[in-house]
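Please read the structure below before turning to the comments.
Any read-out appearing in this document is the output of simple, stated calculations on the displayed coordinates, not a laboratory observation. What you see is a predicted model, and the numbers here were worked out from it, not measured in a lab. All Cβ positions, glycine included, derive from the backbone under ideal geometry; neighbour counts span all protein chains shown.
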Amino acid sequence: FTNFYIFARLFLWLKYVVLAPWVVHSMYSYMTKDERERDLSNFLIFPFLLTRMLHNQIWISLSRYVTAKGKHRIVDKSIEFEQIDRERDWLVIRDDQILFNGTLFYLGNLTLKGGSHLPFWRTDGVIITILLHTGVVEFLYYWLHRALHHHFLYSRYHSHHHSSIVTVPITSVIHPFAEHIAYFTLFAIPLMTAVLTGTGSVVSFAGYISYIDFMNNMGHCNFELVPKRMFSIFPPLKYLMYTPS
């Protein structure tokens, strides 16, 4: 049993090798090519993936710390061991999701016209990303979420997400694979539009994905970080973010 456990843990770590060829190629190309031929956007993919993992871990640690203290909790309960065990397995899946995204980023960078040699900043691309998110993605996300709460989809897919009563940031990615694909496709709308229109930039891509991660993490904490009065002072804020309650 011990040998099997060691092998299983080793296998889980070996999955990170999937990105190794892309990372090595990216670093080699950036260091050997002429400055005008270097693709900064390609080179920054791997560091960005690492920052996403760190970002998620910070939220997980913060949420569990606040929940353990027992102050400012929305659901005044402790996390059950069953939930911890279930979400510990899905913590591995969260890394899988990031690795999957990373693979798609590298493929898009190499194959899509407009997906490589992105500038660091483009104002029009940032504006397009914001407008598409608030005007299109939020609308589609609302109806997708409504559909997932229909008894047919809820019983087959979305109920697994709601099996965690005391939510923590990792709860945000406890979904069957089909849901992950649906969410990825939805949030890819601004990114693909930027690529196809030639308005993409490093800031718009990294900023938008970091924003999605931030909202997912904050929205599943068991405490409020943003005061409710902020939504009364600035009502359009509800189209830009959501909170646990």
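What the table below lists for this structure:
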quantity: Cα-projected label distance for Ala178 with Thr197, points at 7 Å along beta-carbon direction, nm; calculated: 3.3 nm
quantity: Theoretical FRET efficiency, 1/(1+(r/R0)^6), r = Cβ-Cβ of Arg229 and Tyr154, R0 35 Å, to 0.05; calculated: 0.60
quantity: Cut-off of 10 Å, at most 15 other beta carbons, DSSP loop: longest stretch of the chain lacking such trypsin sites (Lys or Arg not before Pro); calculated: 114-227
quantity: Coarse-grained scattering of the chain at q = 0.14, 0.16 Å⁻¹, given as base-10 log I(q)/I(0) from a Debye sum over alpha-carbon atoms; calculated: -1.08, -1.33
quantity: Computed helical MRE - 222 nm, the chain, DSSP H runs ≥ 4 contributing -39500 (n - 2.57), nearest 500; calculated: -21000 deg cm²/dmol
quantity: Cα centroid of the stretch 33-107 to Cα centroid of the stretch 144-191, whole Å; calculated: 17 Å
quantity: Count of lysine pairs in the stretch 2-239 with Cα separation under 26 Å (8 or more residues apart, or interchain); calculated: 7
quantity: Cα-based convex hull, the stretch 124-245, per residue volume (Å³, whole number); calculated: 115 Å³
quantity: Highest-MSF residue in the chain out of Val173, Val66, Val202 [GNM, Cα springs under 10 Å]; calculated: Val66
quantity: Cα-based Kirkwood hydrodynamic radius, the stretch 8-71, one decimal, Å; calculated: 14.5 Å
quantity: Pairwise FRET efficiency - Tyr16 versus Lys238, Cβ, R0 = 35 Å, nearest 0.05; calculated: 0.40
quantity: Taking the stretch 2-239 and dividing mean pair separation by its residue count, relative contact order in percent (alpha carbons under 8 Å, at least six apart); calculated: 29 percent
quantity: Residue (of Phe214, Thr103, Leu54) at the positive-pole extreme of the chain, dipole from beta-carbon charges; calculated: Phe214
quantity: Span per principal axis, largest first, for the Cα atoms of the stretch 104-168 (Å); calculated: 44, 26, 25
quantity: Dimensionless Rg/Rh of the stretch 201-245 - Kirkwood Rh, Rg from C-alpha atoms; calculated: 1.04
quantity: Total charge dipole magnitude, the stretch 2-239, about the Cα centre, Cβ charges on Lys, Arg, Asp, Glu only, Debye to nearest 20; calculated: 420 debye
quantity: Potential extension, Tyr141-Lys69 segment - 0.36 nm per residue separation minus Cα distance; calculated: 22.6 nm
quantity: GNM flexibility winner over the chain from Phe48, Phe81, Phe214 (Cα, springs under 10 Å); calculated: Phe81
